[in-house]
Each structure stands twice: as C-alpha cells, then as structure tokens.
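These notes concern the structure reproduced below.
The values are calculated or read from the model by the stated rules, or taken from the named source; none is laboratory data. A quick note: this is a predicted structure, and the numbers were derived from the prediction, not measured. All Cβ positions, glycine included, derive from the backbone under ideal geometry; neighbour counts span all protein chains shown. When the accessible area is computed, the model is the full protein with side chains, heavy atoms only, and any ligands, DNA or RNA have been set aside. Shrake-Rupley method; radii C 1.70, N 1.55, O 1.52, S 1.80 Å.
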Amino acid sequence: MGFAHNNVLHQNHFRKDWQTRVRTWFDQPGRKLRRRQARKEKAATLGVRPLTLLRPAVRAQTVRYNRKVREGRGFTHAELKEAGIGRKAARGVGIVVDHRRRNLSEEGKALNVERLKAYKTRLIVFPRNADKPKKGDSTGDELKVETSRLQVPLPSPYVHETPRKITEEEREFGAYRTLRDERANARHEGKRKARAAKKAEEDAAKKK
C-alpha cells in the first residue's frame, strides 16, 4: 500500500516476534566435551604417528614479510631427490609433496633438505608383518627406540652474531648514497651502452 503526496509515514512495526528467532548456545559445554573426546579417539587411532604432516620451511611473501619463516604447502621434487626420498614413498611416511613449487635459492633448498634428513633419522616405519619386513621398514633395535610425536621445529630466521666494534670503514660508508648510485647505474646502463656504441661507430667512420 503506497502513500500519496506529503503524508506522514506510519510507524507500525506489527510485532516481529523476535523471541521465537533468538539463537541459543546452551550446548557449548557439551560440544566442547565431544570435541575433546574426538581428539582423544583420533590420537588413539593414529598410534605413534606424528600429529601433523611434515611441511617445508619457506619465506613469507613480499618484502614486508619475507623475514618470517613459515610452513609451506609441500616439498619439491628436487628437495626429495637430494634427500633420497621417493615421491610416492614420501606421502606414505607423512611428508607432503607439492609438484608446483620451485626452488629459487640454494639456501632455501639446502634448508629443506636438512629438514627432510632430520625427519628421516627420527622416522620409525613399523612393518605390517614383523616376520616379513619390506624395504624401508625399521627392524631390530630401531623398533624399540622411544618414539616422539612432536614435529621437526622450524629453523630460526635470525642469524645471531657476536657483538663487535664498528670499524672506521663502516662508519664512513654511506649505505643510502651507495644504493642510490647503484640504482641510477642500473637505470641508465642501456642508454650509456647505446651512447658508447654510437660514439664508437662515429669514431670508426671518421678514421675511414
């Protein structure tokens, strides 16, 4: 029903019955208990397996955050190959593989290879049949070693240096000026090369 001309609008709200649509949360303590019991059951079914899968240590994106080291999606094929672990075998022992990731630095690759090797030394693969262990299964005293479900920790991103005195050369060094000069040199390198080539051609033409 519309209103014509400059009449006053009605302010009737016709009772929205909001009491019937109130969301209650009285089952919160019960849900908390169920979640806790589910975690216990899951841990019991996992046995001695690690609680989480092993992932690589990668640098966060962009210049602002690349000081931070975090867990990546998965290890590259090159990292697995250098650590001596097969692609299919890696998935079976709790190592995540990411075929899309690429190694952009030797330092990052070496870091993840060390991470894989550390995990490999701690790994105990229980054979399905104790009488007939397969290739790669742990045997003998390895099965009696005390197990730990803790994950291989991420490396510290900071390299701590011992305190020392600042040298005179470091005091006189202008970092800002050096960066400005290097950026300018990189920016004008093409023009300078073209100018030098043109001058060389002109000199050669004059000599003829």
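Would you mind counting up the charge near LEU51? Only other residues with Cβ under 11 Å from its Cβ, with Lys and Arg at +1 and Asp and Glu at -1. Don't jump to the answer; show the numbers that get you there.
Values: positive: ARG39, LYS42, ARG49, ARG149; negative: none.
Once all neighbours under 11 Å are counted, the net charge is +4.
Which percent of the accessible heavy-atom area of the chain goes to carbon and sulfur, probe 1.4 angstrom?
Working: 10250 of 19220 Å².
Here it works out to 53 percent.
For the chain, state what percent of all Cα-Cα pairs lands in each successive 5 Å bin, counting from 0 Å until the bin that includes the largest distance.
All Cα pairs considered, the percentages come to 1, 5, 7, 8, 8, 8, 8, 7, 7, 6, 5, 6, 6, 5, 4, 3, 2, 1, 1, 0, 0.
Which of LEU116, ALA57, ALA90 sits farthest toward the positive end of the charge dipole of the chain, with +1 on the Cβ of Lys and Arg and -1 on the Cβ of Asp and Glu?
Ranked along the dipole, the leading option is ALA90.
Take peptides 192-205, 10-23 and line them up by average Cβ neighbours within 10 Å, highest first, as a rough protection proxy. Before the final figure, lay out each step's value.
Working: 192-205: 9.8, 10-23: 6.4.
Ranked by mean Cβ neighbours within 10 Å, highest first: 192-205, 10-23.
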